[in-house]
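*Asks:* Sharing a structure, written as structure tokens. Questions coming.
The values are calculated or read from the model by the stated rules, or taken from the named source; none is laboratory data. Because the structure is predicted, anything quoted here is derived from the model rather than measured. Every residue, glycine among them, receives a Cβ derived from its backbone with ideal geometry; neighbour counts consider all protein chains shown.
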Amino acid sequence: MQKYRDIFTIFIFFILFSVLFYNSAPKSDVDFKLFLTIATFLFAIFCGFFIARQGTRYNAIRDLLSKFDGNMSFIYRASGHFGEAQNEVAEILRKHYTPILKLKDWCYPFTHKTTTLTDLHSFCQKVVGEKN
């Protein structure tokens, strides 16, 4: 919703700025330079806000990826308590991380379907079963 409000605000500013410019067309070279200076200043401010927002989104995605990878590492280490079951978890995780490392594309799980979580759930059902 924030994205649409930002786009709408920029659109309104653009319309108002256009109306102001065409109604009071520059009469001299000085007026045109002033208009150009103001337009450049506003463009720089808007670009700064957009770049900051993209940086924030990038950091959030990076944090989510690191948490997921940390959880996968924990699951692998915790499965060591079940004996040979750790080998099956290793195969599930290898199947998950092989395309990522081969293609060097860290967004691969977001752009392609994976069965990592369902495979881990099936593994837990098999190992734990009906026990608490």
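*Asks:* Could you say which residue among Thr114, Thr98 is at pLDDT below 90 and either more than 21 Å from Val128 (Cβ to Cβ) or in a helix (DSSP H, G or I) (or both)?
*Replies:* Result: Thr114 is the single residue among Thr114, Thr98 that is at pLDDT below 90 and either more than 21 Å from Val128 (Cβ to Cβ) or in a helix (DSSP H, G or I) (or both).
*Asks:* Considering each residue of the range 5-20, count those that are of a type outside the set (A, V, I, L, M) and either at pLDDT below 80 or not in a helix (DSSP H, G or I) (or both), and give that number.
*Replies:* 2
*Asks:* State whether the residues of the range 21-44 include one that is basic (Lys, Arg) and either at pLDDT 90 or above or surrounded by 11 or more Cβ atoms within 10 Å (Cβ to Cβ) (or both).
*Replies:* Yes, there is a match, as at least one residue in the range 21-44 is basic (Lys, Arg) and either at pLDDT 90 or above or surrounded by 11 or more Cβ atoms within 10 Å (Cβ to Cβ) (or both).
*Asks:* Consider Met72 against the criteria (1) closer than 30 Å to Lys3 by Cβ; (2) among the aliphatic types (A, V, I, L, M); (3) surrounded by 13 or more Cβ atoms within 10 Å (Cβ to Cβ): it satisfies all of them except one. Which criterion is unmet?
*Replies:* Against the list (1) closer than 30 Å to Lys3 by Cβ; (2) among the aliphatic types (A, V, I, L, M); (3) surrounded by 13 or more Cβ atoms within 10 Å (Cβ to Cβ), Met72 comes up short only on (1).
*Asks:* Looking only at the range 99-132, which residues are β-branched (Val, Ile, Thr), under 23 Å from Leu65 (Cα atoms) and surrounded by 11 or more Cβ atoms within 10 Å (Cβ to Cβ)?
*Replies:* Hits for the range 99-132 are Ile100, Thr114, Thr115, Thr116.
Listed here are the residues, each with its yes/no results for (1) at pLDDT 90 or above; (2) among the hydrophobic types (A, V, I, L, M, F, W, C); (3) in contact with a helix residue (DSSP H, G or I) (Cβ under 9 Å, 6 or more places away or on another chain); (4) over 15 Å from Cys107 (Cα atoms).
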position	(1), (2), (3), (4)
Phe50	yes, yes, yes, yes
Tyr58	yes, no, no, no
Arg77	yes, no, yes, yes
His81	no, no, no, yes
Gln86	no, no, yes, yes
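*Asks:* Let me ask something else. Return a yes/no flag: does the range 46-58 have any residue that is more than 27 Å from the chain's Cα centre (by Cα) and in contact (Cβ under 8 Å) with a residue 12 or more places away in the chain. Even if it seems obvious, please write down each step before you answer.
*Replies:* Here is the first cut: in the range 46-58, the residues more than 27 Å from the chain's Cα centre (by Cα) are none.
There is no residue in the range 46-58 that is more than 27 Å from the chain's Cα centre (by Cα) and in contact (Cβ under 8 Å) with a residue 12 or more places away in the chain.
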